[in-house]
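S.K.: Here it is, the structure in full.
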Amino acid sequence: MVVKQEATRAPASGRLERLWEEHAAAVHAYVRRREPELADEVCAETFAVAWRRLQDVPADARPWLVGVARNVLRTARRSA
């Protein structure tokens with residue numbers, strides 16, 4: 001069973017890596033324009049959400065990721 005889990009994680013982690021490579025700079029810039037001091041934390045949490053919900057990430061991922069970043073930023077602002 002462990003082998004099967006590792007086999008299914010490899011493509012998923014590759015997809016997450018591609019999402020990071022293609023969209024991390026844009027997501028970070030989006031957050032940095034709004035709350036520079038929270039940019040690193042919000043960007044990291046955005047991609048953690050993407051990892052947990054990888055099945056929900058659409059082919060055109062950037063708008064989805066920016067929406068997640070907006071929600072994470074909103075939550076961070078409320079917590080501060």
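S.K.: Name the residue that is most open to solvent (accessible area, probe 1.4 Å), counting only residues in segment 45-74 that are hydrophobic (A, V, I, L, M, F, W, C) and more than 11 Å from the chain's Cα centre (by Cα).
M.R.: Ranking the qualifying residues of segment 45-74, first place goes to A59.
S.K.: Residue check: is V42 crowded, with 17+ Cβ neighbours inside 10 Å and closer than 20 Å to R77 by Cα?
M.R.: Judged against the criteria, V42 is a match.
S.K.: Now, a different point. Tell me the residue from A24, A29 that is among the small types (G, A, S), part of a helix (DSSP H, G or I), modelled with pLDDT of 95 or more and touching a Cys at 6+ places or on another chain (Cβ under 9 Å), please.
M.R.: Checking each option against the conditions leaves just A24.
S.K.: Look at segment 32-80 and say how many of its residues are closer than 25 Å to A12 by Cα, outside any helix (DSSP H, G or I) and small (G, A, S).
M.R.: Count: 1.
The values are calculated or read from the model by the stated rules, or taken from the named source; none is laboratory data. This is a predicted model, so every value here is computed, not measured. Counting neighbours? That spans all protein chains shown, and the Cβs are built from the backbone with ideal geometry, glycine included. Calculation scope for accessible area: heavy atoms of the full protein, side chains included, ligands and nucleic acids excluded. Shrake-Rupley method; radii C 1.70, N 1.55, O 1.52, S 1.80 Å.
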